[in-house]
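Just so it is clear, none of the values below were taken in a lab; they were calculated from the coordinates. Computed from a predicted structure; not experimentally measured. Don't worry about glycine lacking a Cβ; one is built from the backbone with ideal geometry, like all the others, and counts go over all protein chains shown.
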Amino acid sequence: MIVTEGFMVRLILNIVLFILLAIFVAINMPYTTTINLYGYLMEDISTVAVVLITLAAGIVYSFVTYFVNFLIRKRRERSRKSRQQTQEKEKQLQKKEKDLEAAQKQSSGPAAEGKSKK
């Protein structure tokens, strides 16, 4: 594995963030709170647990949102490419029709004139 400068920066940043998270957990461990979930009361829940669950839920929600948007963009891109290919094929067919009509006119033109002279 080749270690790059960007990799080292991300590694150091992640270590610093984990240290800050550990300090946050250690400082706030004894504190508790009461949570009301639409009428269902939960008492003496660790504040750290509430914050970490909220953080995890936010990460999952944003991941799902970005993934769905990624799929939507891919589907739109495929649809756009398909439409472009269809339009290109249509233009090619129209050109071939014109060429075929022109070739038929050229081949039937002198023969028709020769028949009418006799």
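Taken one residue at a time, the phi angles of the range 17-34 give Karplus couplings (6.51, -1.76, 1.60, θ = phi - 60°) of 5, 5, 5, 4, 5, 5, 5, 4, 5, 5, 5, 9, 4, x, 7, 10, 8, 10 Hz. Gly and Pro are set to x. Placing +1 on each Lys and Arg Cβ and -1 on each Asp and Glu Cβ, with no other charges, gives the range 1-111 a dipole about its Cα centre of roughly 1040 debye. Normalised by the number of residues in the chain, the average gap of Cα pairs under 8 Å and 6 or more apart makes the relative contact order 11 percent.
Residues whose amide H falls under 5 Å from that of T32, counting only those 5 or more places apart or on a different chain, are T47, with hydrogens built in the peptide plane.
The packing ranking of peptides 48-54, 34-40, highest mean first, is 48-54, 34-40, where packing means the average number of other beta carbon atoms within 10 angstrom of each residue.
In this calculation the C-beta distance from R78 to I12 is compared with R0 = 35 Å, giving a FRET efficiency of 0.30. Could you work out which residue, out of N14, N28, N69, moves most in a Gaussian network model of the chain, that is, has the largest mean-square fluctuation with Cα springs under 10 Å? Of the options given, N14 has the highest mean-square fluctuation. Of the residues T32, S82, F7, the one whose Cα sits farthest towards the positive end of the charge dipole of the chain is S82 (charges of +1 on Lys and Arg Cβ, -1 on Asp and Glu Cβ, taken about the Cα centre).
Pick out which of S46, S108, S79 has the largest mean-square fluctuation in a Gaussian network model of the chain, springs linking Cα atoms closer than 10 Å. With Cα springs under 10 Å in the chain, the top fluctuation among S46, S108, S79 is at S108.
For the chain, a Gaussian network of Cα nodes joined below 10 Å ranks I12, I27, I45 by mean-square fluctuation, and the top entry is I12.
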